[in-house]
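I have placed the structure first, in the form of structure tokens, so that the comments after it can refer back to it.
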Amino acid sequence: MTGIATPSDAPLDESVRGTLLRVGSATVANVLLKRGLRNVLMTGVRPLAPGQPAMVGPAYTLRFIPAREDLDSMATYRRDDNLHRRAIEECPPGAVLVIDAFGSTAASSMGDLMAARLHHRGVAGAVTDGGYRDSAAIRATGLPCYQRDNAPRATPVALCPIALDEPVGCGGVAVYPGDVLLGDSDGVVVIPRHLAAEAAQEALDTERFEEFAALRIAAGRPILGLFPATPESRQEYDAWVAAGRPGLE
């Protein structure tokens, strides 16, 4: 397997998780862009519910391929070795279940009972570039979920689960097991695990600078020479921090 991967059940440092929960996916994407990573924000994947909690956790993956009528049915779906059902029971607590549905909303990537089980087991959230059924009931579980669009048809109609915990593509982004996902109101960003700690800290620093810049802009200051940060505006920011960040509640 190519790339740098970490086992999906390797726990994420809680300080890193906490920092990522405080910053935005767009900010993290810009931090990764400075490291040469351009394709980290999933395309067409958005929150299932407005105002749902932010989601952070290492990736545990499930990959679908198109269903075939002689192999995929409700009878095979009921089997205990069905990989879709296994993913619900085997996704580690604290992880994010990433479902590669190859962009298809022809059938459901998950329903409400599966979401309820993930939430009960302590999974951090679920992401698919397909869609879910029973959307209102999924929202009621409290599990942060991201999808392309609603997909009410039964899974075997169009989707066959083929692999667990292997590299996948989701929303046009490569996701390796153990990569860290951050989801918020803007969408979902994929962070290579070995960059998670430094990306989290730099994103936090960036957002704190933006708080300073927002105060200056609210006072009528032009954006030129202020944002993005220049050496001069960065010195002003450092002085503002040293003074106790006046103006923030």
Relative contact order of segment 71-151 (C-alpha contacts under 8 Å, at least 6 apart) in percent is 30
Here, Asp149 and Lys34, labelled 7 Å along Cα→Cβ, have an inter-label distance in nm of 3.8
So the FRET efficiency between Leu224 and Ala26, C-beta based with R0 = 22 Å and rounded to 0.05, is 0.50
Taking only the alpha-carbon atoms of the chain, the convex hull volume per residue, in cubic angstrom, is 137
Non-local residues with an amide H under 5 Å from the amide H of Gln147, with H modelled 1.01 Å from N and Pro and chain starts lacking one, are Arg46, Leu48, Thr128
Simple spin-label estimate for Leu248/Asp186, 7 Å along Cα→Cβ, in nm, reads 1.7
Subtracting the Cα-Cα distance of Ala174 and Arg46 from 0.36 nm times their residue separation yields 44.4 nm
For His194, placing the label point 7 angstrom along Cα-to-beta-carbon and taking segment 158-188, residues whose amide nitrogen sits under 20 Å are 166-168, 174-182
HN-Hα couplings for segment 46-55 via Karplus (6.51, -1.76, 1.60; θ = phi - 60°), in whole Hz with x for Gly/Pro, come out as 9, x, 5, 10, x, x, 5, x, 5, 10
Of all DSSP beta bridges with both partners in segment 1-149, the antiparallel percent, nearest 5, is 15
The simple spin-label model distance between Asp13 and Glu69, using points 7 Å out along Cα→Cβ, in nm, is 5.5
Once normalised by the length of the chain, the mean sequence separation of its alpha carbon contacts under 8 Å that are 6 or more apart gives a contact order in percent of 29
Summing -39500 (n - 2.57) over every DSSP H run of at least 4 in the chain, dividing by its residue total and rounding to the nearest 500, the 222 nm mean residue ellipticity is -9500 deg cm²/dmol
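Where a number appears in this text, it was derived from the coordinates with a stated rule and is not lab data. Source: prediction; values computed, not measured. We place every Cβ from the backbone using ideal geometry, glycine too, and count neighbours over all the protein chains shown.
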